[in-house]
Amino acid sequence: MAPTFVDAEIASQPGVWREAAALAGTVHGLPRTGERVALVGCGTSWFVAMSAAVVREQAGHGTTDAFAGSEFPRGRRYDRVVAISRSGTTTEVVELLGALEGTPTTLVTAVPDSPAAALADDVVALPFADERSVVQTRFATSTLSLLRAAAGHDVEAVAADGEKALAVDLDGLPAADQCTFLGRGWCVGLAQEAALKTREAGQFWAEAYPAMDYRHGPVAIAQPGRLVWSLGPAPEGLAGEVERTGATFVQHDLDPQAGLVVAQRFAVAVAVARGLDPDHPRSLTRSVILA
Ligand code: F1P
């Protein structure tokens, strides 16, 4: 099969992350330290919100919640709502920004002249991270790079690991029939995103959980031919427990955001192995625009 757009976009990530991180000290509209903040988005952008919320709060920058665009608690007060939307056209995000009178809002987007951008008080534009693919990879991870840089993370080190992630051998992983992704803290959102990627690109059965919750039921799925893939450090003892079920425990010695790059490559490899075109995922469009 010819190289896909998504392959090229995945490979471009380390360079684009550096570009996004460099904006952290220069753009208007990122939350100030101490502000009570909600991050919102849909699909991949929601999972980036989940991850970035934990990053910000753990950095001591203030209470930070994350919501799917449709589930934002409208009665709750925040000092700022930051919406994440690559397209700026997603209905739930446009509606929410239109409804949030009196609350300062920011949109992080690849498209600064979108309907959502017109409604946000501040727009943080990452046009260089936009994608031709329906399936998001680099916009998501670039937004996370920006928000990690704003929280004091060393994105240069993350990008160096991203380069290593592009060379990791996938071995026989794409032959698996199921994968459960796990993470803790800010990596829970990464696990959700990794699972979404494999569902979107490969129509593959993938699940995601906070790693400590995995023993509370989901472990029943583990068996030979299946993967349990940890993004970031796994709870003590879990790797052995997984191996005893016959499932394969997967973990890479990389920054977890770079670990997500390996999972993106896995998603594309699963799609190709199944004869699917990852650039044209079934039933998906670049954004969901409701009538
Ligand atoms: C969000 C999104 C994508 C998803 C699908 C539909 O878009 O949910 O994450 O892959 O293609 O749209 P956006 O609001 O970030 O543009």
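When each of 53, 66 is tested for being over 15 Å from residue 152 (Cα atoms), touching a Gly at 6+ places or on another chain (Cβ under 9 Å) and open to solvent by less than 60 Å² (accessible area, probe 1.4 Å), the lone residue that passes is 66. Does any residue of segment 222-240 turn out to be β-branched (Val, Ile, Thr) and under 23 Å from the mean Cα position of the chain (by Cα)? There is at least one residue in segment 222-240 that is β-branched (Val, Ile, Thr) and under 23 Å from the mean Cα position of the chain (by Cα). Exactly one residue out of 87, 51, 70 is outside the structural domain of residue 188 (by TED's automatic domain parsing), over 30 Å from residue 269 (Cα atoms) and of a type in the set (S, T, N, Q), and it is 70. Filter segment 122-150 for residues that are open to solvent by 10 Å² or more (accessible area, probe 1.4 Å), within 20 Å of residue 288 (Cβ to Cβ) and either of a type outside the set (D, E, K, R) or within 11 Å of the ligand (Cβ to nearest atom) (or both) and give the result. Within segment 122-150, 130, 131, 134, 136 qualify. The set of residues in segment 84-120 being near the ligand (Cβ under 9 Å from one of its atoms), farther than 13 Å from residue 69 by Cα, open to solvent by less than 20 Å² (accessible area, probe 1.4 Å) and in a loop (DSSP other than H, G, I, E, B) consists of 86, 87, 110, 114. Annotation: of all residues in segment 199-219 being in contact (Cβ under 8 Å) with a residue 40 or more places away in the chain and over 20 Å from residue 245 (Cβ atoms), the one that is most open to solvent (accessible area, probe 1.4 Å) is 203.
The values are calculated or read from the model by the stated rules, or taken from the named source; none is laboratory data. This structure is a prediction, so every number in the text was calculated from the model and none was measured. We place every Cβ from the backbone using ideal geometry, glycine too, and count neighbours over all the protein chains shown. Surface accessibility is based on the protein's heavy atoms, side chains included, excluding ligands, DNA and RNA. Shrake-Rupley method; radii C 1.70, N 1.55, O 1.52, S 1.80 Å.
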